[in-house]
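Read the structure below first, then the notes.
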Amino acid sequence: MGCGASTAETSAAVPVPSPAAAAPVSAKQVRCVNPHGKSISELESAMGSGNISARSLCEFFIRRIHSLDSAGPRLRSVVEINPDALAIADRLDHDRAEGRVHGKLHGIPLLVKDNIDTAGLMRTTAGSLALMESLPRGDAEVVARLKQCGAVILGKANLSEWGNFRGERGFDGWSAVGGQCKNPHVLDRSPGGSSSGPAAAVAAGLCAGAIGTETNGSIEAPASACGVVGLKPTVGLTSRDGVVPVAPSQDSVGSLAKSVMDAAMLLDAMTGDCLAEQLTGEGGLDGVRIGVMRKPFYVKDSRCGVVCEEAVRVLTAAGATVVQVELAPAVKSRQSRQPEQGMDDELLVCSWEFRREMNRYLSSRRAHLEDDAPVAEGGLRGSGFEREECSSLEEIIQFNRQHATEEMLLFGQEHMETSVGLSETEARYRAVLASNLECSRASLEGAMDAMGLDVLLAPSGPPAAQLVHQAGGDPNADLYFGSGGHSAVAGGPLVSVPAGDWRGLPINVTFLGRRCEELQLLRVAHAYELASEARITPKFRATLDLEESFRSGPHSTVT
């Protein structure tokens with residue numbers, strides 16, 4: 001999503017917020033511990049032993065945001081730095097010195113996707129200028145839980161506007177508020193979406209971890225494109241209260257991190273579970289049965305097949321039994337697709353829920369009044385439009401039409417317009433939803449039960465496609481595919497883990513599991529991660545040598 005090079009970066013008519021305006025950073029340097037690349041546990045240990053403070057840790061990440069996100073390669077993964085971050089860190093340091101440690105994230109700086117409500121001086125916009133003049137009523141439940149565990153909410157991360165549910169061919173990682181987020185491995189490649197900013201920021205080392213959301217692929221895709229771990233839990237395991245919705249039957253709040261362990265720790269903080277403690281890595285994968293889904297993914301992109309087959313080799317060497325499995329389509333409308341058929345069953349449910357839940361969410365926000373506390377240095381600036389609070393999806397659509405230059409130069413709002421124009425009754429919606437759940441669960445969990453499988457394995461998606469900003473939407477949108485579609489509809493968990501690369505572009509594999517079996521899924525993913533050590537470090541390259549790439553025949557397919 002963007003509008004040519006100039007609009008992708010910023011628009012002359014729209015002030016795009018810059019993290020460089022954040023609260024001033026002191027000159028104090030981190031002397032004893034270099035936080036870069038350290039795990040959450042390592043950072044906690046360093047703070048516990050007095051080798052680093054929460055304040056110096058926040059300062060470290062703010063400096064990196066200044067040098068890599070708003071300057072240098074200009075990743076645009078962060079839309080706003082919390083102006084209260086350093087003050088919060090100081091209070092947490094004082095509490096630690098007094099013997100009060102709030103949890104396993106005490107002093108850990110995290111970024112939160114900008115569709116998750118945060119109280120205080122930061123806004124929540126879902127990337128849209130339409131939400132710049134209203135505020136959420138408080139912290140989302142997941143944010144409140146992170147704070148209770150001692151986390152510092154360092155700032156808000158960029159995303160595909162409205163969670164990629166505005167237009168049919170939107171650009172991953174583009175929002176009118178944040179501009180075009182870039183892939184830190186190769187800057188002219190897509191970062192994936194819609195949790196683009198969280199994934200890119202974790203990959204670039206701009207935070208200790210990040211929180212994202214997924215409806216279908218929105219954690220899996222950017223995790224793979226940016227080469228980090230993406231964990232989408234069972235729908236309903238994490239609270240969605242205070243999260244800008246798409247479809248509650250599929251929406252889930254999850255984590256993006258450098259490792260499976262870190263992702264599990266963030267999930268534990270949001271749920272109150274203790275999954276991370278049980279990831280010992282001991283015992284390998286003896287006795288574990290894994291079903292690999294080769295079709296149709298290997299045919300779509302052979303580069304994924306090569307990486308996934310190497311993952312199969314690693315898993316087998318670790319003691320797992322790997323067998324091939326094929327799943328029936330996730331919804332009935334895809335089982336015998338005919339030209340005269342109407343809307344896809346998953347899209348019908350998502351569109352129906354989007355209209356209902358978006359209206360509920362928008363009506364819960366409060367106006368940004370003149371007597372509200374002013375936005376501190378580093379906070380988002382106003383949209384520049386006079387008091388245009390939107391309290392319904394219809395008003396959002398009208399806002400976009402009135403401000404098409406800022407919002408719709410490159411792609412439209414077909415999904416929004418379809419949602420408000422749906423004629424299906426609630427009875428029809430409920431019948432299709434029930435059918436979707438039954439069909440997807442019979443396909444995914446039924447196949448696992450029939451074959452005695454513990455988890456499924458598949459490529460997360462292809463290497464990131466090139467960003468080509470042009471009117472009419474992303475011309476490379478059809479190149480993308482993901483393997484989490486069944487989990488999305490069924491409401492099950494998945495974790496995307498780095499597995500390899502193609503010419504410096506990361507390729508992940510996805511482990512999928514039964515609903516509420518996160519521990520089994522994480523154990524397999526953690527053991528694979530330890531055995532493979534496949535994560536690569538971003539190089540911030542401007543582009544790839546495409547002529548060399550095409551000479552090598554990267555797009556050939558295998559059967």
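The values are calculated or read from the model by the stated rules, or taken from the named source; none is laboratory data. All figures in this text were calculated on a predicted structure; none of them were measured in a lab. Note that each Cβ is placed from the backbone with ideal geometry, even for glycine, and that neighbours are counted across all protein chains shown. To get the accessible areas, we keep the full protein, side chains included, count just its heavy atoms, and leave off ligands, DNA and RNA. Shrake-Rupley method; radii C 1.70, N 1.55, O 1.52, S 1.80 Å.
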Subject >> Positions within segment 315-359 being within 23 Å of residue 447 (Cα to Cα), open to solvent by less than 30 Å² (accessible area, probe 1.4 Å) and in a helix (DSSP H, G or I), in sequence order >> reply: 315, 333, 345, 346
**OP:** Residues being part of a loop (DSSP other than H, G, I, E, B) and open to solvent by 60 Å² or more (accessible area, probe 1.4 Å): count how many of those fall in segment 34-49.
**Re:** 4
**OP:** Please specify each residue of segment 442-495 satisfying the condition of being modelled with pLDDT under 95, on the phi > 0 side of the Ramachandran plot and open to solvent by 30 Å² or more (accessible area, probe 1.4 Å).
**Re:** 472
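Rundown of residues vs (1) more than 14 Å from residue 243 (Cα to Cα); (2) in contact with an Asp or Glu (Cβ under 9 Å, 6 or more places away or on another chain); (3) open to solvent by less than 10 Å² (accessible area, probe 1.4 Å), yes/no style:
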position: 142; (1), (2), (3): no, yes, yes
position: 153; (1), (2), (3): yes, yes, yes
position: 165; (1), (2), (3): yes, no, no
position: 177; (1), (2), (3): yes, yes, yes
position: 185; (1), (2), (3): yes, yes, yes
position: 192; (1), (2), (3): yes, yes, yes
Subject >> Residue that is touching a Gly at 6+ places or on another chain (Cβ under 7 Å) and part of a helix (DSSP H, G or I), where the choices are 453, 444 >> reply: 444
Original post:
Mind checking whether some residue in segment 57-73 is open to solvent by less than 30 Å² (accessible area, probe 1.4 Å), within 23 Å of the chain's Cα centre (by Cα), among the basic types (Lys, Arg) and at pLDDT 95 or above?
Top reply: no
Original post:
What pairs come up if the first residue lies in segment 311-326 and is farther than 12 Å from residue 456 by Cα, the second is exposed (fewer than 13 other Cβ atoms within 10 Å of the Cβ), and their beta carbons are under 6 Å apart, counting only those six or more places apart or on different chains?
Top reply: 319/286
**OP:** Could you list all residues from segment 240-284 that are open to solvent by less than 10 Å² (accessible area, probe 1.4 Å) and in a strand (DSSP E or B)?
**Re:** 252, 253, 254, 255, 256, 257
**OP:** Specify which of the listed residues (54, 89, 85, 46) is at pLDDT 95 or above, closer than 23 Å to residue 276 by Cα and in contact with a strand residue (DSSP E or B) (Cβ under 8 Å, 6 or more places away or on another chain).
**Re:** 54
Subject >> Residues of segment 197-214 satisfying the condition of being farther than 15 Å from residue 114 by Cα and either surrounded by fewer than 24 Cβ atoms within 10 Å (Cβ to Cβ) or not hydrophobic (A, V, I, L, M, F, W, C) (or both) >> reply: 205
